[in-house]
Every structure is written in structure tokens, then in C-alpha cells.
Amino acid sequence: MGEPNRAVFLSYASEDAAAARRICDALRAAGIEVWFDQSELRGGDAWDQKIRRQIRDCALFVPIISSHTASRHEGYFRLEWDLADQRTHMIARDRAFIVPVCTDSTPDSGTDVPESFVRVQWTRLPGGETPPAFVDRVARLLSPEPSEATTSNTARTPVFATSRPRTAHAAPGKGSRPVLLLIAAVALLGSGFFALDKFVLSRHSVASLPGESASEIPEKSIAVLPFVNMSSDKEQEYFSDGLTEEMIELLGQVPDLRVPARTSSFYFKGKTETIANMALQLKVAHVLEGSVRKAGKRLRITAQLIRADNGYHLWSQTYDRDDTDVFAVQDDIAKAVVSALKVRLTEGTQATGSRETTNTEAYNQYLLGRQLDRRDSLEGYRHAVEAYRKAIALDPNYAAAYAALAIAGASAADLKGDTGGIEHAGRDAEKAIALAPDDPSGYSARSFLRFTWLWDWSGAQADIEKALILGPRNPDVLLQYGRLLDSLGRLPEAIATQKKATELDPLSSGGWENIGRYYTEKGDYVAANAALLRAIELEPTSVYALYNLGRLRLLQGKAQESLGMFRKVDAENFRQSGIAIAEHTLRKAKEAQEALDDVIAKHAQDSAYQIAQVFAWRGETDKALEWLDRAYKQQDGGLAGIKADLFLMSLHADPRFNALVRKLKLPE
């Protein structure tokens with residue numbers, strides 16, 4: 001017979017044993033069952049099994065935090081903390097489970113603890129001295145009666161000493177009365193509401209938003225990890241990456257099989273993570289990994305399918321082929337994986353993914369372009385365009401390259417203020433559709449162009465609906481659909497669509513950035529904050545995630561933090577316009593005007609929309625509308641989001657603003 005489960009699990013560093021003993025004694029004196037025994041075996045297989053069982057079954061986990069835990073990155077307590085942190089993603093978010101205790105003056109920020117410990121307020125018990133109030137609280141948390149145990153950890157204020165409250169925020173400038181009222185309304189929610197500002201999603205956790213529980217991992221699910229390049233020539237990295245990407249594409253066509261998208265799988269490239277941890281983050285039951293070795297024209301590809309929870313190898317195979325057979329090898333591996341998972345390829349599944357080329361060099365150029373255009377910068381888009389054009393030169397019938405070229409080309413043209421480039425991108429999208437009418441990528445690209453720069457809303461809707469029919473589980477299609485819905489003012493649908501996209505591609509920075517922006521527009525700043533921090537964790541230099549987090553901080557009344565975020569943005573037009581807004585809010589007129597003058601001098605031809613945002617925030621309506629009119633003439637892509645843009649809220653009552661909305665053919 002196994003040992004009985006303890007209600008409370010105390011986790012501590014060996015140096016804190018005395019303090020832990022005091023806490024344990026106080027709880028046990030009140031009749032509370034506690035896991036605490038210094039004679040227990042710590043380390044080895046027996047310890048591992050026992051600890052896992054106790055942390056899995058305990059009602060409350062009490063980590064004891066001190067300078068001893070803050071200064072150490074190894075130790076058994078660290079393993080216990082990781083296990084408890086993982087469990088928080090298997091239970092409802094509104095159920096109290098983690099009850100952090102700090103026995104000294106260790107700060108509750110900037111400390112190396114799991115994110116689930118940061119998300120809740122800490123109890124200060126100096127030296128482990130335990131007052132009756134703490135014992136009573138633990139008893140209430142263990143009570144089956146509806147009480148503290150069923151309320152959110154993140155919103156409660158403990159009845160005894162906790163971390164210091166958040167400080168007040170700087171006031172905005174005079175010219176922003178509508179925004180001032182918005183900030184005032186937010187402030188009434190209280191500092192406790194924004195205690196989640198420190199919410200940072202750990203790399204060792206499954207991401208979800210506040211109030212949401214992590215979804216159950218489906219049995220028929222698999223992540224394709226980046227195949228390792230074992231060739232002496234490092235330039236072959238694109239080849240091994242390409243094999244991985246096409247395996248994801250091919251397996252993703254199986255209706256019964258959940259396959260995280262490329263962005264999520266490639267997040268782990270070059271990182272030292274366990275199979276179990278990667279699978280947990282990607283929410284999959286199985287992992288496919290392998291290696292590629294290329295010598296001259298000969299290929300050796302090794303692949304193995306692993307069950308994530310126990311590490312069991314379900315299938316493995318080595319292929320020795322000529323490099324001209326790589327597409328056939330992809331099909332062979334996919335069929336073997338599908339067979340091992342006991343699902344089947346349906347009749348409509350393409351035999352070789354959505355590659356649409358048999359030219360290996362064209363394929364490599366396409367993969368290079370995909371890698372470059374994910375950088376979300378003008379330089380990245382330019383180089384991506386070059387790579388896609390090389391792919392098309394090598395294979396003029398390469399539809400996927402045309403679709404990717406349309407989006408990268410239009411994005412580069414928008415940043416340069418080049419309307420001719422937008423027209424050229426439209427022709428590329430048309431070519432992609434003509435070459436592959438049954439592939440969703442061409443329709444998705446054309447929809448993006450139509451609603452972002454052409455303001456053809458009905459055409460964009462028709463295209464995205466076609467793309468959704470052809471690729472209902474394609475995260476890129478869902479991402480574009482969410483953007484269209486947001487522009488049309490259908491915010492709840494936009495959020496739902498983008499959540500579905502992040503389920504398919506959970507480690508996509510762009511997906512989380514969109515969710516953060518949509519929640520900001522909705523006024524749910526806690527969820528917005530969590531999503532944007534997740535986006536930045538995944539892509540620390542993301543222009544759009546940093547910019548949108550800066551905007552969120554302004555709306556929260558945290559202008560100084562906002563200024564810091566804008567300064568990190570690696571795109572001059574966005575950076576300087578954001579700084580101009582933040583400095584104005586901080587009542588630094590000179591610095592604000594210098595930033596605005598700089599963006600006007602350098603970017604009047606390509607960033608009229610951003611300049612209009614600055615004037616609108618400052619309450620200078622006439623100038624704001626003048627620059628919006630310029631943006632319209634420049635065919636600025638920012639206008640697609642004009643109705644939802646919180647920087648333009650002060651303009652909504654002006655008839656000229658509504659006239660522009662009608663000109664854009666947006667629903668009022």
C-alpha cells in the first residue's frame with residue numbers, strides 16, 4: 001500500500017530547513033497534513049518517483065523563498081519548483097495551488113522563480129515564524145467550502161504582510177482629455193488589478209492567458225522538431241530546415257492529427273530542452289526528430305518517432321538516397337509516422353505537401369526567404385524578396401514562392417511608401433492563385449493585400465473564405481482572417497480566430513502579438529499584458545510586440561515604462577512616434593517635439609499614419625486629420641486598423657474622421 005497523500009507540500013533549500021520546520025509545526029498543530037520530513041530520501045530514482053507523486057496529488061504547494069534559493073540555480077528544491085510550475089498548467093487558473101512564502105527580504109521581482117510563483121502575492125514569514133492568520137488562510141484554502149480556494153490567486157490581497165503595493169503613474173499631458181478619462185477609469189480598478197504586470201510566461205510552461213486553463217493534450221498530436229544538419233557544409237542548414245518544414249506541412253494535412261506549425265517547432269532550434277518539456281510547451285503527445293547528412297549528391301536522413309511522456313521510441317528509420325529523392329523521402333517518413341500513430345491520410349491529401357516544385361535549389365531559396373521575412377523589418381523583407389525572386393527564376397511555376405513574394409514585397413513597399421510595389425505584389429498574388437488554385441496561400445496573400453492597402457473589404461472576405469475552405473487549420477490563414485475581422489470591428493471573432501491560430505502555432509510571436517493588440521482594444525489589459533509579454537519572450541526584438549506593449553503601458557497610465565518600451569523598437573518611424581507620444585504624456589514638451597520633428601523630417605512619405613497618431617494623442621485634431629488624409633493618399637497600410645486604434649480615440653467625434661472611415665468603405 002502506498003503512503004497517504006499530504007495536503008500541503010513544503011519545498012525548501014537545505015539552508016532553510018529550520019524556517020521550514022517552524023512553518024510545518026504551526027500547520028501540523030492546527031491539524032493540517034504536511035509533506036515535510038528531513039529524513040526522506042532526497043535524490044535518485046526513488047526520490048524522483050515519490051516527489052512527483054506527492055506534488056501531483058497535494059492540495060497546496062508552499063515554496064519557501066529566501067536568499068538561499070535566489071542565489072542558487074541547482075538543488076532538489078528547483079526540481080520540485082519545476083514540477084509544481086508544470087502542474088499549474090494542468091489545473092484551472094482560478095484555483096489556488098501555489099502559496100509562496102518568503103522568510104527574509106528577498107524581493108518579489110527580479111528573482112529567479114517560476115512564473116506561477118510571480119503571479120501570486122508572497123507571504124512574508126521572517127525566519128519561518130508563522131502567525132495564526134497564515135494558518136487560518138491555509139485552512140480556508142484546503143476547505144471544500146466556496147471561499148478563498150475558489151477565487152483567483154492573482155486578484156486577492158492577503159490578510160497579512162505581503163509585497164509592497166505598486167506605485168502611482170505619471171499623469172498625461174493636457175491635450176489628451178479623452179485619453180485622460182480612459183486612464184482615470186482604469187485607475188479606479190485599483191493597483192491589485194494590475195499586479196499581473198509581472199506576469200511572465202516561462203519558457204518551461206504551456207502558455208495560456210489569465211483566466212484560461214491549458215487545454216488537454218490530444219493523443220493524436222505530434223511536433224516535428226528541426227532536423228539536425230550533420231553535414232560538414234553548414235550552408236546545408238536550409239536543406240535540413242526545409243525537410244522539417246515540409247514534414248510539418250505534409251503531416252498537417254491529416255484531418256485527425258494535430259501538428260504545431262513551423263514557427264512553434266523551430267522555436268526550439270539550438271536550445272537544450274528535454275523532449276518532455278518541448279512536448280509540454282507544444283501540447284503534443286509525440287515528437288518526430290531526426291538528422292540530415294549530405295555528401296555530394298548523397299543523402300542520409302534518420303528519423304525517429306518518440307512518445308513524449310515516457311520517451312519510448314515508437315518507430316525509427318534511416319534513408320540513404322540521392323538528393324533528387326528528398327521529396328520522396330519526406331513522403332515515406334510521413335506515411336510511417338501516420339501509420340505509427342494509427343491515423344490515415346485521406347484521399348484529398350496531397351502526396352508532397354504544398355511545395356509545388358521539384359527544383360531543390362528553388363526550394364532552398366524559398367526556405368531562405370521564409371526565414372528572412374519573419375524578421376519583420378525592412379531589411380528582412382528586402383532580402384526575402386530577393387530570395388523569392390531567385391526561387392521563381394529557377395522555377396517560374398513555383399506558386400508558393402509567388403504567394404510569399406506578394407506578402408514580403410507589399411510589406412517592404414509599405415515601409416518605403418511605395419504604392420507601385422503594392423500593385424506589383426497584387427500581380428504576384430494573382431500569379432500564385434493561377435498556378436495553384438487549390439492552395440490557400442495565394443488567396444490568403446491576396447486577402448491581406450486587399451484589406452490592408454486596397455480597402456476592398458468584400459474581395460478580402462471572399463478570398464479569406466476560400467483560403468479557410470482550402471486550409472482550415474493553416475495558422476497563417478487564420479492570422480490574416482483575425483486581422484481582417486479586427487479591421488471590420490468584429491473584435492470577439494478576431495480574438496477567437498487568433499486563439500485558434502495560436503493553438504495550432506503556440507510559439508508564434510506574431511500570433512501572441514495580435515492577441516495582445518486585440519485584448520488591448522477590448523480593454524482587457526491583464527490578458528493583453530500576458531499575451532504581449534509572451535510575444536516578446538518568443539521574439540525579444542519584435543517591432544510590433546514592443547510597440548504594442550508600449551501603447552498598452554500608456555493606456556495603463558505607465559508613461560515612463562511606455563517610453564522604455566518605445567526606445568527598444570528597432571524601426572525608426574515606430575520608435576520616434578512612440579517616444580513623441582510618451583514624452584508628451586510625461587509633460588516633456590521639448591523632448592516630445594524633437595522626436596516628432598525627427599519622424600516628420602525622415603518619414604513624412606512613408607509614415608503619415610504614425611505622425612497622425614502623435615497629433616491625435618496630443619489633442620491637435622486638425623493636424624491629425626491632415627496627416628490621416630496624407631496617409632490615405634500614400635495608401636498607408638495603417639489605415640486598415642483606423643477604427644480600432646486607441647491612439648485616435650479623440651478623433652471619433654469629428655465628422656471629418658467619420659467621412660474618412662466612409663472613404664475607406666469601412667462599416668461605421
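The values are calculated or read from the model by the stated rules, or taken from the named source; none is laboratory data. From a predicted model like this one, the values you see are computed outputs, not experimental measurements. Note that we place each Cβ from the backbone using ideal geometry, even for glycine, and neighbour counts take in every protein chain shown. Side chains are part of the model used for accessible areas, which takes the heavy atoms of the whole protein and leaves out ligands, DNA and RNA. Shrake-Rupley method; radii C 1.70, N 1.55, O 1.52, S 1.80 Å.
Some observations on this one:
- Subset of region 397-422 that is in contact with a helix residue (DSSP H, G or I) (Cβ under 6 Å, 6 or more places away or on another chain) and not in a helix (DSSP H, G or I) - its residue that is surrounded by the fewest Cβ atoms within 10 Å (Cβ to Cβ): 397
- The residues in region 1-23 that are in a helix (DSSP H, G or I), modelled with pLDDT of 90 or more and either buried (at least 22 other Cβ atoms within 10 Å of the Cβ) or among the small types (Gly, Ala, Ser) (or both) can be counted, and the count is 3.
- Any pair with Cβ under 8 angstrom, 6 or more apart, that starts in region 289-310 at a residue that is among the small types (Gly, Ala, Ser) and ends at one that is at pLDDT below 80 and in a loop (DSSP other than H, G, I, E, B): 291/230; 295/231; 295/232
- Screening the candidates 255, 260 for the property of being touching a strand residue (DSSP E or B) at 6+ places or on another chain (Cβ under 7 Å) and part of a loop (DSSP other than H, G, I, E, B) yields one hit, 260.
- Residue within region 381-391 that is more than 30 Å from residue 610 (Cβ to Cβ), modelled with pLDDT of 90 or more and in a helix (DSSP H, G or I) present: yes
- Taken together, 587, 630 contain a single residue that is in a helix (DSSP H, G or I), open to solvent by 10 Å² or more (accessible area, probe 1.4 Å) and basic (Lys, Arg), which is 630.
- Considering each residue of region 530-538 in turn, at least one proves to be touching a Pro at 6+ places or on another chain (Cβ under 8 Å) and part of a helix (DSSP H, G or I).
- From the list 496, 527, the lone residue that is more than 30 Å from residue 431 (Cα to Cα), open to solvent by 20 Å² or more (accessible area, probe 1.4 Å) and either modelled with pLDDT of 95 or more or of a type in the set (A, V, I, L, M) (or both) is 496.
- Between 462, 445, 425, the distinction of being free of Cβ contacts under 8 Å to residues at least 24 places away in the same chain and either over 29 Å from residue 604 (Cα atoms) or crowded, with 19+ Cβ neighbours inside 10 Å (or both) belongs to 462 only.
- The lone exception for residue 560 - which of (1) closer than 21 Å to residue 522 by Cα; (2) part of a helix (DSSP H, G or I) it fails: (1)
- Of all residues in region 640-659, those satisfying the criterion of being under 21 Å from residue 523 (Cα atoms) and in contact (Cβ under 8 Å) with a residue 24 or more places away in the chain are 640, 641, 642, 643, 644, 645, 646, 647, 648, 649, 650, 651.
- Residue in region 506-524 that is least open to solvent (accessible area, probe 1.4 Å), counting only those that are charged (D, E, K, R) and assigned to a helix (DSSP H, G or I): 513
- Summed over region 54-71, the residues that are open to solvent by 10 Å² or more (accessible area, probe 1.4 Å) and within 29 Å of the chain's Cα centre (by Cα) give a count of 2.
- Residues satisfying the stated conditions in region 360-385, i.e. of a type in the set (D, E, K, R) and over 16 Å from residue 422 (Cα atoms): 361, 370, 373, 374, 375, 376, 379
- Selection status of residue 391, touching a residue at least 12 places away in the same chain (Cβ under 8 Å) and surrounded by 24 or more Cβ atoms within 10 Å (Cβ to Cβ): yes
- Test: residue in region 327-343 that is buried (at least 16 other Cβ atoms within 10 Å of the Cβ), touching a strand residue (DSSP E or B) at 6+ places or on another chain (Cβ under 8 Å) and at pLDDT below 65: yes
- Residue in region 599-610 that is open to solvent by 60 Å² or more (accessible area, probe 1.4 Å), more than 21 Å from the chain's Cα centre (by Cα) and modelled with pLDDT under 95 present: yes
- Pairs with Cβ under 6 Å, 6+ apart, first in region 587-608 and more than 22 Å from residue 636 (Cβ to Cβ), second crowded, with 16+ Cβ neighbours inside 10 Å and small (Gly, Ala, Ser): 587/173; 592/580
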